[in-house]
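Here's the structure, in structure tokens; my notes come after.
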């Protein structure tokens with residue numbers, strides 16, 4: 001794709017990169033693992049991080065085939081942020097797992113889309129965001 005002659009494509013690519021990079025660095029795996037563990041603790045920063053990730057995803061003009069995953073992510077993010085605000089460790093594991101799953105679906109689909117538009121063939125089918133599963 002020639003971004004120099006297609007500014008709309010360049011803007012979409014930049015938005016996708018910004019949204020994906022943002023969500024890939026929130027740490028959804030660590031949040032879900034902590035909240036589903038034997039002694040869950042709610043970090044007071046998580047709600048704000050998750051709300052910001054929701055905004056980062058909501059402002060992107062996702063391709064039609066990815067939009068349902070973005071919608072699922074934003075709904076799951078809103079649910080977990082609202083649940084975290086209640087500060088009740090007994091009710092957070094389910095929403096945390098849902099957001100973690102929604103995050104992977106969106107991230108994998110987004111990076112696959114970008115790879116396809118760049119003409120890059122990907123060998124594997126998951127975790128295209130470049131981080132190990134333990135890191136996020």
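Read-outs: derived from the displayed coordinates by stated rules, not from any lab. Here the structure is a predicted model, which means the values were calculated and not measured. Backbone-built Cβ (ideal geometry, glycine too); neighbour counts: all protein chains shown.
Taking the longest Cα principal axis of the chain as reference, the axis of helix 93-117 is set at about 10 degrees.
Subtracting the Cα-Cα distance of residue 93 and residue 18 from their residue separation scaled by 0.36 nm leaves 24.2 nm. Computed from Cα atoms, the angle from the helix 67-85 axis to the main principal axis of the chain rounds to 20 degrees. Evaluated on the chain, the Kirkwood hydrodynamic radius is 15.5 Å, with distances taken between all distinct Cα atoms. Extension gain for residue 25-residue 38 works out to 2.2 nm (0.36 nm per residue, less the C-alpha to C-alpha distance). Taking 90, 27, 61 as the candidate residues, the one with maximal mean-square fluctuation in a Gaussian network model of the chain, Cα springs under 10 Å, is 90. For residue 5 and residue 75, what does the FRET efficiency come to when R0 = 35 Å and r is the distance between their Cβ atoms, rounded to the nearest 0.05? Once the sixth-power term is evaluated, E becomes 0.40. Between 21, 83, 121, the Gaussian network model of the chain with springs among Cα atoms under 10 angstrom shows the greatest mean-square fluctuation at 121.
Could you calculate the contour length gain from residue 67 to residue 86, that is, 0.36 nm times the residue separation minus the distance between their Cα atoms, to one decimal place in nm? Net length gain for the segment: 3.9 nm.
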